[in-house]
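See below for the structure under consideration.
Nothing in this text is a laboratory measurement; each read-out follows from the coordinates by a stated rule. Remember, it's a predicted structure, so these values are computed and weren't measured experimentally. Virtual Cβ from ideal backbone geometry, glycine too; neighbours counted across all protein chains shown.
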Amino acid sequence: MDSAGFIQKLTDVVGEQFIHTEPVALRTYDCDALTIYKGVPSAVVLPESTEEVRRIVEICRECHVPLIARGAGTGLSGGATPLPGGVLVVFTRMNRILEIDYENHLARVQTGVVNLHLTKKTLPHGFHYAPDPSSQAACTIGGNAAENAGGAHCLKYGMTTNHVLEMTVVLPSGEVVHLGADGEDAPGLDLRGFFIGSEGTFAIITELTVRLTPNPESVRTMLACFSQVGDACRTVSDVIATGAVPAAMELMDRYTIEAVETVVQAGYPRNAEAVLLIELDGLPSSIKPLETLIRDVCEKNNCSSFRIAQTEEERENLWMGRKKAFGAFGVIAPAYYCLDGTVPRSKLAQVLEEFEEISARYGLRITNVFHAGDGSLHPNVLFDDQAPGETERVIECGAEVLRACIRAGGVLSGEHGIGLEKIREMKEQFDEPTLGIMERVRDAVDQDGLMNPGKIMPDEEHIFPLASGGALARMGGGMTK
Amino acid sequence: MANKLDSFARSLEADSGDAVSLSDGRVASFRLSGMTPSVVVSPADHEALCRVLTRANEAGLAVFPWGGGTGRGTGYAPFRYDVALSLERMSKAVEFLKDDLTAVVQAGMSVEDLNRLTGAEGQTAGLDPPHPGTSTVGGTIIADRSGPMRVRWGKARDRVMRMKVVLANGETHTYGALVVKNVTGYDMNRLLSGSWGTLAVVTELAIRLYKAPDRIEARAASFSSTDAAFKAARALTASPLMPVWAEVVDAARIAALAPECGVALPGPVSLVASFGDFEEGLNDQLARFEEILAKEGGDDILRFDDKQTARLGRALADPPGGEFSDSEALAFRASGRLDQLPRFAEAARRAA
C-alpha cells in the first residue's frame with residue numbers, strides 16, 4: 001500500500017477532521033515534555049473509541065507502521081515522543097468518564113480523561129482519585145497508567161498501579177482484551193500490573209477501571225526549616241524509621257527556596273538551607289500523636305523552625321511553593337533538566353553530597369526538590385540551552401547523577417519512566433541476562449515491534465535525533481512531577 | 001525416566017555434594033492432586049538451587065518449586081511431576097534494614113518467622129496467609145496469597161521491593177531494588193507475584209514493612225442476615241475508619257471459630273472488624289465503629305481485647321476446617337464488587 005492509501009485508510013476510521021498530516025501540525029506533536037529529542041510522525045490520529053483504536057492498530061499492523069500513544073504529552077522521559085514516521089494516536093477525544101460507582105468506590109473512564117477532572121468530579125461526593133503527579137491538571141489517567149505515574153501523595157497512597165483495577169487494551173495483534181478485574185483477586189497472571197508502566201510498548205490502553213479513595217477527614221500541613229541539608233535528610237529517614245506514614249514529605253533545597261520565594265512568596269525562610277513540607281492526613285485522633293512525634297524528630301535534627309499551617313489559605317500557600325518550584329527555576333536559569341533517580345531513604349544525605357560534588361565538577365548548578373519520604377529524588381541540572389555544546393554536557397552530568405543513585409542501591413527512575421531518556425543507562429542498572437529476559441517478554445507481547453519502538457530497552461536500531469537548540473525543559477514548558 | 005532421574009541425581013551429587021539433599025523416602029509428603037514426585041530435592045543455597053534447575057533442565061524433568069505446600073490444593077493436577085524442589089533449607093533472614101522498613105529474607109522462611117523477626121522491632125509485613133507457621137514468604141508472594149489484613153496493607157504482591165529468581169535454565173535474575181518507588185524497566189515483580197512458580201523459582205525477597213499498630217482491638221455485632229451484615233460492612237468501608245481487617249462471618253463459621261480460638265462471635269451473622277492505632281486514635285475508631293454497627297441495625301455489640309483480637313484474626317485468616325491437605329474439601333475464594341458479595345454468598349450456600 002502506498003502512503004496515500006495508508007493515510008486514506010486511517011482517514012476512513014477517524015474522519016478527515018481528526019487526522020493531521022500537514023507538516024506544521026505534525027511538528028506540534030514531535031515530543032512530550034522532554035523536548036530534547038524530536039520525532040515527526042507521519043500522521044496524528046484522534047480516535048474516539050476502543051473500536052477506532054482497534055481499526056487503527058490493524059491498519060498499522062498491515063502496513064508495518066509503528067504506533068505511539070499520547071495522552072497529554074506531559075511525560076518527562078520521552079515516552080510519547082514519536083519514532084519518526086510512526087503514527088501518533090492522541091487521546092484528546094477519549095475523555096469521557098463512563099461510570100462512577102460510589103457504592104463500590106470505582107470509576108470507569110476512557111483513557112484520555114484528565115487526572116484532576118476525575119478528582120474534581122468525585123470530591124463533592126467524598127472521594128478523590130489518589131495518584132497526583134504535579135501535571136495532574138493536564139495529564140491523562142491512561143498516560144499515568146502507561147508510565148505508572150507517582151506524585152507527592154504516593155508515599156501513603158501508592159503509585160498508579162495501586163489504583164487501577166482493570167484495563168481495556170488493544171494488543172499489537174488488533175485484539176481487544178481486558179486485564180485485571182473490578183474485584184480484588186483476578187485469577188491468573190497479573191498482566192494488569194505487568195502492562196502498567198510498560199510505557200506503551202505492549203499495547204494501547206483505551207479504558208480503565210480505577211479505585212476512588214475516600215477523602216481524609218482532616219489534613220495537617222507543616223513546614224520544618226533546616227540550616228543543613230543533611231539534617232533535613234536525616235529527619236526524613238528518622239520519620240520513616242518511626243513508622244509514621246505521612247501523606248507527603250517533600251524536601252526543597254536552598255536554590256529552590258530562593259527561586260520559589262522570588263516568584264510566589266510561599267513563606268519559606270530565605271536563609272534556610274532546606275525545608276521539609278510534611279503533610280499528615282486521616283482521622284484527627286489518629287494524626288494528633290504523629291504531629292508531636294514528627295515535631296520531636298525535626299527538633300532532634302536541629303530544625304531552625306517548625307510551624308503548622310493554621311488555615312486552609314496558609315496550607316495552600318505552603319503547597320504553592322512546592323507546586324511552582326519548577327516554573328520558578330526560570331528566575332535563576334534559562335533551562336533545566338529534571339531527573340528522577342530513587343534511593344533507599346537512609347541514603348538521601350549521602351547521594352545529595354555526591355550530587356554537590358558532581359555539580360562542582362561540571363560547573364553546573366543542581367537544585368533539589370523531591371518526594372523525600374519515598375527516596376524519590378528530583379535533581380534538576382540548571383543550564384543555558386542556547387550555549388553551544390551545553391545540552392550534551394548536561395546529559396552527561398545527568399548520567400553521573402543517575403550513576404550515583406545506582407551506586408547507593410537505587411534506581412534510574414522512581415516515577416518518570418525510562419522512555420528515551422534513560423535507555424543508555426539501563427545497561428548500568430541491569431545485567432545482560434535480566435535485560436535479555438525483559439526484551440524476550442516484550443517481544444512475546446509485541447512480536448513485530450509495532451508498539452512504541454525505541455523506548456525503555458537499549459536499542460541500537462531506533463535512533464531519535466537530538467533536537468538542535470532543544471531544551472530539556474523550557475521554562476513554563478515542561479510540566480513536572 | 002529412571003535413566004533421566006539417575007543421571008540428574010548423579011550429576012547433582014557430583015557438583016553439589018551436601019549443598020543439595022536428595023530423598024526418595026519423603027516423596028509421599030509432597031503429593032499433589034494424587035501425583036507423587038520421583039524425588040525431593042532441597043538445595044542449601046541459591047547457587048545450589050541454580051544447579052538443580054540447570055541439571056533438571058538438561059535431563060528434561062518437570063520441577064515443582066515447593067514452599068510450605070499450603071497451596072497444594074489450588075489449581076489443576078499436574079500432568080507431569082518429577083522433582084519436588086523444596087525451599088526448606090533456605091529459610092534464613094539475609095538482612096533486616098529496620099530503619100528503611102525493609103526485610104530481606106530467603107524465600108523458604110515461614111511467614112511466622114518473618115513476623116517474629118519484624119515484630120521484635122515493632123514492624124509488620126502485613127502478610128497473613130493461612131497457616132503462617134508453614135506458609136513461606138516466597139510461596140505467599142508467588143501465589144499472591146493475601147489474608148484478611150489486605151484491607152489495611154494491600155495485596156501480598158504490593159510488599160515486594162526486590163526479588164531474586166532462578167529461571168528454568170538455571171539463570172539468576174534480580175528484579176527491583178531496595179526502594180519503595182521504582183519504574184525502571186518492566187515490572188517483572190508483578191509478573192512473577194501470582195505466577196505460582198510457573199515462570200521462575202524465587203529464592204530471595206526484599207519485603208516492604210510497616211510500623212505495627214501499638215494495639216489492635218476488635219468489635220463485633222450480630223445481624224439478622226448476610227445482606228444486613230454486608231450492608232454494614234459497606235458503611236464501614238465508606239467511612240474514614242481504617243480497619244486492620246473486617247469480616248462478615250456466617251452461622252456455620254461462627255460455630256467452628258469458637259473452639260478454634262476461644263472467641264464466640266454473636267450470631268446468626270456477625271460483622272467483626274479490628275482497628276490498630278495509638279491509644280487516642282484507637283479509642284476513637286472503635287467508638288465510631290460501634291456507632292456504625294448500631295446505626296446499621298447490629299445487635300449484641302461485643303468488645304474483644306488485644307489478645308482475643310489476635311487469636312480471632314489468626315483464626316479468621318485460616319480457612320475453615322483447620323488443617324490443609326491434599327484432601328477432598330472444597331474451598332472457594334471469590335471477589336467482586338462489594339455490593340455483589342451477598343449474592344455470591346447466597347449462591348454458594350445454595351450450591352453447597
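Dividing the alpha-carbon radius of gyration of the protein assembly as shown by 2.2 N^0.38 Å (N being the number of residues), what value is obtained?
0.96
Can you list the lysines whose alpha carbon sits under 22 Å from that of A:K455, skipping same-chain ones fewer than 8 residues off?
Once the sequence-local lysines are set aside, what remains near A:K455 is A:K38, A:K422, A:K427, A:K481, B:K181.
Quick one: if you stick a label point 7 Å off each Cα along the C-beta vector at B:E171 and A:H178, how many nm between them?
Result: 3.5 nm between the two label points.
For a quick check, take a GNM of chain B with Cα springs below 10 Å and name the residue from B:V244, B:V83, B:V183 with the largest mean-square fluctuation.
B:V183
With label points built 7 Å along Cα→Cβ from the Cα atoms of B:D300 and B:S335, find their separation and express it in nm.
Placing both labels 7 Å beyond Cα along the Cβ direction yields 3.1 nm.
Compute the Cα gyration tensor for the range A:307-404, then decide on rounded, prolate or oblate, letting a ≥ b ≥ c be the square roots of its eigenvalues: rounded whenever a/c is under 1.5, prolate when a/b is larger than b/c in the other cases, and oblate in all that remain.
Cα axes put the range A:307-404 in the oblate bin.
Under 16 Å Cα to Cα from A:K120, which aspartates and glutamates show up? Leave out anything in the same chain fewer than 8 places away.
Result set, ordered by chain and number: A:E99, A:D101, A:D132.
So if R0 is 45 Å, what FRET efficiency would B:A310 and A:E390 give, r being the distance between their Cβ atoms, rounded to the nearest 0.05? Kindly include the intermediate steps, with their values, before the conclusion.
Details: r = 62 Å, r/R0 = 1.38.
Approximately 0.15, to the nearest 0.05.
Can you put A:Y102, B:Y186 in order of Cβ neighbours within 10 angstrom, beginning with the fewest?
Least crowded to most crowded, the residues run A:Y102, B:Y186.
Which shape class applies to chain B: rounded if a/c is under 1.5, otherwise prolate when a/b exceeds b/c and oblate if not, where a ≥ b ≥ c are the square roots of the Cα gyration tensor eigenvalues?
prolate
Quick one: Karplus J couplings for the range A:210-223, per residue in order, coefficients 6.51, -1.76, 1.60, θ = phi - 60°, nearest Hz, x for Gly and Pro?
Taking θ as phi minus 60°, the curve returns 10, 7, 9, 10, x, 5, x, 6, 8, 9, 10, 10, 10, 10 Hz for the range A:210-223.
Rounded to whole Å, give me the distance from the Cα center of the range A:172-245 to that of the range A:17-37.
Between the Cα centres of the range A:172-245 and the range A:17-37 lies a distance of 30 Å.
Please label the shape of the range A:218-328 as rounded, prolate or oblate, based on the square roots a ≥ b ≥ c of the eigenvalues of the alpha-carbon gyration tensor (a/c under 1.5 means rounded; beyond that, a/b larger than b/c means prolate, else oblate).
Oblate, since a/c reaches 1.5 and b/c is not below a/b.
Would you calculate a helix-derived [θ] at 222 nm for chain A, using -39,500 (n - 2.57) for each DSSP H run of n ≥ 4 and dividing by the full residue count, to the nearest 500?
Calculated mean residue ellipticity at 222 nm is -10000 deg cm²/dmol.
At 7 Å along Cα-to-Cβ for each site, give me the label-to-label distance between B:A351 and B:R116 in nm.
3.9 nm
Enter the angle in degrees (range 0 to 90, nearest 10) between the Cα long axis of helix A:432-445 and the first principal axis of the Cα atoms of chain A, meaning the one along which they spread out most.
50 degrees
If you line up the long axis of helix A:284-300 against the longest principal axis of chain A, both from Cα atoms, how many degrees apart are they, to the nearest 10?
70 degrees
Using alpha carbons only, how many angstrom separate the centre of the range B:4-48 from the centre of the range B:138-187?
Comparing the Cα centres of the range B:4-48 and the range B:138-187, I get a distance of 26 Å.
Please list, in chain and number order, the residues 5+ apart from A:A335 or on another chain whose amide H is under 5 Å from its amide H, with Hs placed from the backbone.
A:F383, A:D385
Return the lysines within reach of A:K288: Cα separation strictly under 23 angstrom, same-chain partners fewer than 8 residues apart disregarded; answer none if there are no such residues.
Within the straight-line cut-off, A:K288 pairs with A:K156, A:K300, B:K211.
Relative to the longest principal Cα axis of chain B, at what angle does helix B:341-351 sit, 0 to 90 degrees, rounded to 10?
Taking Cα atoms only, the helix is inclined about 70 degrees.
Between the range A:331-383 and the range A:101-156, how many Å separate their Cα centres?
28 Å
Treat the count of other C-beta atoms within 10 Å as a stand-in for reagent exposure and order A:D459, A:D281, B:D300 from fewest to most.
In order of increasing Cβ crowding within 10 Å: B:D300, A:D459, A:D281.
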